[in-house]
Amino acid sequence: MSHNSFSEIMIPTYIINLKHREDRRESVLKEFEGRPEFGCQIVEACMHEKGNVGLWESIKKTVSLAIENEDDVIIIVEDDHVFTEHYERDAFINNIIQSNEQGADILAGGIGGGFRFVVPITENRFWINHFWCTQFMVVYSRFFDHILNADFGPEDTADNFLSQLSAHKMVLYPFVSVQKDFGYSDITAENNINGNIEHYFKTADLALGIYQKKYKQLVLNNKKERTI
């Protein structure tokens with residue numbers, strides 16, 4: 001597929017939002033203005049006394065909608081998502097296509113850490129063993145049933161649970177998505193107390209930057225030398 005045809009692509013994009021969080025809904029919809037490659041649909045989030053359970057039920061609801069719509073690939077977005085300056089349409093879509101060919105279940109736009117092992121697949125896309133934060137995820141249909149049939153417990157969190165559910169996880173780097181700090185979290189009390197989401201993303205960014213630097217030095221530069 002050539003880049004010229006990317007202008008015709010529209011990716012089903014499901015935005016999870018609690019109905020009463022109008023501030024978050026307005027914020028996230030502004031992120032997608034002028035980006036026709038995203039076919040956005042608001043999914044009313046499931047209410048639950050435990051925010052982690054509510055989020056998981058919302059993800060399952062989203063996946064069920066995707067199956068009804070016969071989607072091959074979707075983007076699941078939480079309403080605190082913000083694009084970074086590194087987002088570029090053609091590169092993003094090309095990464096979605098390549099990740100699919102390589103058997104990925106999840107391609108994250110940005111993560112708040114959680115990984116111990118990293119394998120650079122390309123200069124801008126890494127395999128990771130684990131991740132935190134689910135604000136922007138490309139999810140492939142091969143993984144839909146695994147999500148719907150998984151036994152999510154009351155103490156589980158969506159990011160840790162998804163990390164354990166699949167070995168086929170990748171992340172884009174530099175990140176194309178981070179989380180906006182609204183001063184509170186609908187998911188975990190820890191985020192309300194510590195207010196450390198921004199710190200998590202910065203720390204993960206620094207760590208992955210080291211891997212990217214070494215990949216350029218040891219892999220890309222060697223390829224250039226062999227072609228001279």
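Per-structure values
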{"read-out": "All positions within the stretch 1-28 that are exposed (fewer than 14 other Cβ atoms within 10 Å of the Cβ) and either under 25 Å from E70 (Cβ atoms) or among the polar types (S, T, N, Q) (or both)", "value": "M1, S2, N4, S5, S7, E8, M10"}
{"read-out": "Only listed residue being surrounded by fewer than 19 Cβ atoms within 10 Å (Cβ to Cβ), farther than 18 Å from Q164 by Cα and acidic (D, E), chosen from E85, E57, E31", "value": "E85"}
{"read-out": "Subset of the stretch 120-143 [surrounded by fewer than 20 Cβ atoms within 10 Å (Cβ to Cβ) and outside any strand (DSSP E or B)]", "value": "E123, N124, N129, H130, W132, S141, R142, F143"}
{"read-out": "When residues of the stretch 174-207 are limited to those that are among the hydrophobic types (A, V, I, L, M, F, W, C) and modelled with pLDDT of 90 or more, the one farthest from Y87 (Cα to Cα)", "value": "A207"}
{"read-out": "Single match in A150, A158 (criterion: out of contact with any Lys or Arg (no Cβ under 7 Å at 6 or more places or on another chain) and surrounded by 20 or more Cβ atoms within 10 Å (Cβ to Cβ))", "value": "A158"}
{"read-out": "Selection within the stretch 26-40 - within 22 Å of A108 (Cβ to Cβ) and assigned to a helix (DSSP H, G or I)", "value": "S27, V28, L29, K30, E31"}
{"read-out": "From I111, I67, I97, I16, residue being in a loop (DSSP other than H, G, I, E, B), closer than 27 Å to L148 by Cα and in contact (Cβ under 8 Å) with a residue 60 or more places away in the chain", "value": "I111"}
{"read-out": "Complete set of residues in the stretch 70-94 that are part of a loop (DSSP other than H, G, I, E, B) and in contact with a helix residue (DSSP H, G or I) (Cβ under 9 Å, 6 or more places away or on another chain)", "value": "E70, D71, D72, D79, D80"}
{"read-out": "Near pairs, Cβ below 7 angstrom, 6+ apart or cross-chain, from the stretch 130-159 (more than 18 Å from H81 (Cα to Cα)) to any residue that is modelled with pLDDT of 95 or more and in a strand (DSSP E or B)", "value": "Y140/V73; S141/V73; F143/I106"}
{"read-out": "Residue check for H48: in contact with an Asp or Glu (Cβ under 7 Å, 6 or more places away or on another chain) and outside any helix (DSSP H, G or I)", "value": "yes"}
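The values are calculated or read from the model by the stated rules, or taken from the named source; none is laboratory data. The shown structure was predicted, so the numbers you read here are calculated from the model rather than taken from an experiment. So basically every Cβ, Gly included, is an ideal-geometry build from the backbone, and we count neighbours across all protein chains shown.
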